[in-house]
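The values are calculated or read from the model by the stated rules, or taken from the named source; none is laboratory data. All figures in this text were calculated on a predicted structure; none of them were measured in a lab. Note that we place each Cβ from the backbone using ideal geometry, even for glycine, and neighbour counts take in every protein chain shown.
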Amino acid sequence: MFSFQSIPAYHQQLKNKITTCTDVVEHYLNEINKNVHLNAFVEVYQTEALQKAKELDEKRKAGEPIKLLHGVVIAIKDVICYKGHRVTAASRILNNFHSLYTATALQHLIDEDAIIIGNCNCDEFAMGSSNENSAYGKVLNAKDNTRVPGGSSGGSAVAAQAGLCMLSLGSDTGGSVRQPADFCGIIGLKPSYGQLSRYGLLAYASSFDQIGIFGKNIDDVALLLEIMSKPDEKDSTMFAKPATGLYPIKNQKEKKYRFCYFPQAFGHASIDKEISEKIKTLANNLKANGHTVDEIDFDLIDLIVPSYYVLTTAEASSNLSRYDGVRYGHQSEIQPTNLEEFYRNNRTEGFGIEVKRRIMLGTFVLSTGYYDAYYSKAQKIRTMLVNKMETIFANYDAILLPNSPETAFEFGKSVKDPIAVYLADIYTVLANLTGVPGISLPLFSHSNNMPFGLQVLTKRGNELTLLGISKHLLENYSKENPN
Ligand code: GLN
């Protein structure tokens, strides 16, 4: 039976004729079938994936050199456009909508001969933390089926967690890659704002959104990042230079890093004590091994979640105004008597409750009379946070944080108390507010048997250090983690 370890090991197996791309795709299709109850996929591109595998097997037979992602089986979140394939953001409003073009980041993977196996379930328009806000129903955490996988990229996380693909793509506007990675016990990387093209990524909040990567092997994640990090004239917010030297990750065994952490984060009233204790123990071990680990005051912590929700809902209310059922998307069967009623019927039926809540909140904070009280104020806080991060990264390589105050929770919580779920974004939204890259590393196991990760942030544009630290931590501090 095929077992995936890493891309280079897989390529070696292909070279040694131990396996073929066709066998491997069949293996994943089998696994997907065996695990349909997890509900990780929206659609599986069975025929197409097998066809591509066959072509690649023939190319190898003919002696053609293999490309960087030859036969690498990848799943994508249902917010990433793939020409000719359905993309719906797990929403009724886009029911049966087919992409007219392929997202630039995804195209880079396809150009290197990756095999796209299907698209994955998620929270509607990437809004949520548990994958319960989906038109396709909930996704189950493969580690414990009574618990959520996290969100909003829950399907992509479970696809990688349960071995239904080699790696997967998600999107992260406020933690939607790092938090499900934390809940599922895998690696989840959110690149810097500007590192990957957003062209072809359905927008939630454009000044926050980034495509992110799930995987189990840090070098594989680095390879995908490097391949996708190329400037794109279709996204004016992208960095002008391609990322280089990210892969393979340099193993700097002797390097001593300068870490810091916020006492306000670890001492926060909402955090599970075991999570804060285990991360603090890791911090102490790092110190004992000669790294710098300092406590840094961060008194802005309770402003993070409110400003995130003011700004992202404002952007969402504008971004989602295009879904009106006129040129595409869901059209109500109710006969309207005027244009406004036509829009209202389409949108009332098309959007789910959480998306409606956010559109209303966003419209409110942008409305005359409230704009200065909410939107402008949140923008000012965002600037303060960016400045604070700059000061920190002038002296430190990385910030250590939890990803979430708790491990994967049971189904139903987000329906009962949506505000509590918003507040649980306290540790992840900082990276999106300030544009810095962040990663969740699966280093810990809780006494409740669920995994949890360490979040590491570095300076914007410094993925090189982020990956170097990640490799260092995974290689030297994983002992605790039995996953
Ligand atoms: N939990 C966050 C939210 O609901 C994460 C969203 C995201 O990153 N797409 O907004």
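Quick one: which of Val421, Val386 is part of a helix (DSSP H, G or I), within 16 Å of the ligand (Cβ to nearest atom) and closer than 19 Å to Ser307 by Cβ?
Val421
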When Ser404 is evaluated against the numbered criteria (1) of a type in the set (Gly, Ala, Ser); (2) in a helix (DSSP H, G or I); (3) in contact with a strand residue (DSSP E or B) (Cβ under 8 Å, 6 or more places away or on another chain), which criterion, by number, is the only one it fails? (2)
Could you list, ordered by first residue, the pairs with Cβ atoms under 6 Å in which the first is in region 447-469 and closer than 15 Å to Gly185 by Cα and the second is in a loop (DSSP other than H, G, I, E, B) and small (Gly, Ala, Ser), at least 6 apart or interchain? Met450/Ala408; Pro451/Gly185
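Residue-wise test of (1) within 22 Å of the chain's Cα centre (by Cα); (2) part of a loop (DSSP other than H, G, I, E, B).
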site: Pro8; (1), (2): no, no
site: Glu55; (1), (2): no, no
site: Glu64; (1), (2): no, yes
site: Leu68; (1), (2): no, yes
site: Gly71; (1), (2): no, yes
site: Tyr82; (1), (2): yes, yes
site: Leu100; (1), (2): no, yes
Applying the selection to region 319-342, what residues are of a type in the set (D, E, K, R), part of a helix (DSSP H, G or I) and closer than 16 Å to Phe125 by Cβ? Arg322
Inside region 133-153, can you point out the residues that are of a type outside the set (S, T, N, Q) and either within 11 Å of the ligand (Cβ to nearest atom) or within 14 Å of Arg92 (Cβ to Cβ) (or both)? Ala135, Tyr136, Gly137, Gly150, Gly151
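Assess whether Ser207 counts as being surrounded by fewer than 24 Cβ atoms within 10 Å (Cβ to Cβ), within 16 Å of the ligand (Cβ to nearest atom), under 14 Å from the mean Cα position of the chain (by Cα) and not in a helix (DSSP H, G or I).
Values: surrounded by fewer than 24 Cβ atoms within 10 Å (Cβ to Cβ): yes; within 16 Å of the ligand (Cβ to nearest atom): yes; under 14 Å from the mean Cα position of the chain (by Cα): no; not in a helix (DSSP H, G or I): yes.
Criteria not met by Ser207.
Of the residues Asp397, Asp372, which single one is more than 21 Å from Pro418 (Cα to Cα), loosely packed, with under 12 Cβ neighbours inside 10 Å and among the charged types (D, E, K, R)?
Values: Asp397 fails: loosely packed, with under 12 Cβ neighbours inside 10 Å.
Of Asp397, Asp372, the one residue that is more than 21 Å from Pro418 (Cα to Cα), loosely packed, with under 12 Cβ neighbours inside 10 Å and among the charged types (D, E, K, R) is Asp372.
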Which is in contact (Cβ under 8 Å) with a residue 60 or more places away in the chain and away from the ligand (no atom under 16 Å from the Cβ), of Ile66, Ile74, Ile110, Ile80? Ile74
Show the residue pairs that are 6+ apart or on different chains and have beta-carbon atoms under 9 Å apart, the first residue being within region 294-322 and more than 24 Å from Lys356 (Cα to Cα) and of a type in the set (A, V, I, L, M), the second being within 12 Å of the ligand (Cβ to nearest atom) and assigned to a helix (DSSP H, G or I). Ile301/Ile426
Select, from Ala431, Ala378, the only residue that is in a helix (DSSP H, G or I), under 17 Å from Ala181 (Cβ atoms), within 16 Å of the ligand (Cβ to nearest atom) and of a type outside the set (S, T, N, Q). Ala431
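Answer yes or no as to whether Gly151 is in a loop (DSSP other than H, G, I, E, B), touching a Gly at 6+ places or on another chain (Cβ under 9 Å) and closer than 28 Å to Gly185 by Cβ. Spell out how you get there, then give the answer.
Numbers: in a loop (DSSP other than H, G, I, E, B): yes; touching a Gly at 6+ places or on another chain (Cβ under 9 Å): yes; closer than 28 Å to Gly185 by Cβ: yes.
For Gly151, the condition - in a loop (DSSP other than H, G, I, E, B), touching a Gly at 6+ places or on another chain (Cβ under 9 Å) and closer than 28 Å to Gly185 by Cβ - is met.
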Residues located in region 173-197, provided they are away from the ligand (no atom under 13 Å from the Cβ) and out of contact with any Gly (no Cβ under 9 Å at 6 or more places or on another chain): Ser197
When you check Ile213 against the structure, is it under 24 Å from Phe2 (Cβ atoms), within 16 Å of the ligand (Cβ to nearest atom), of a type in the set (Val, Ile, Thr) and in contact with a Ser or Thr (Cβ under 9 Å, 6 or more places away or on another chain), yes or no? yes
Just a yes or no: is a residue in region 265-282 surrounded by fewer than 16 Cβ atoms within 10 Å (Cβ to Cβ), modelled with pLDDT of 95 or more and under 17 Å from Asn395 (Cβ atoms)? no
Count of residues meeting criterion [in contact with a strand residue (DSSP E or B) (Cβ under 8 Å, 6 or more places away or on another chain) and surrounded by fewer than 20 Cβ atoms within 10 Å (Cβ to Cβ)] in region 445-473: 3
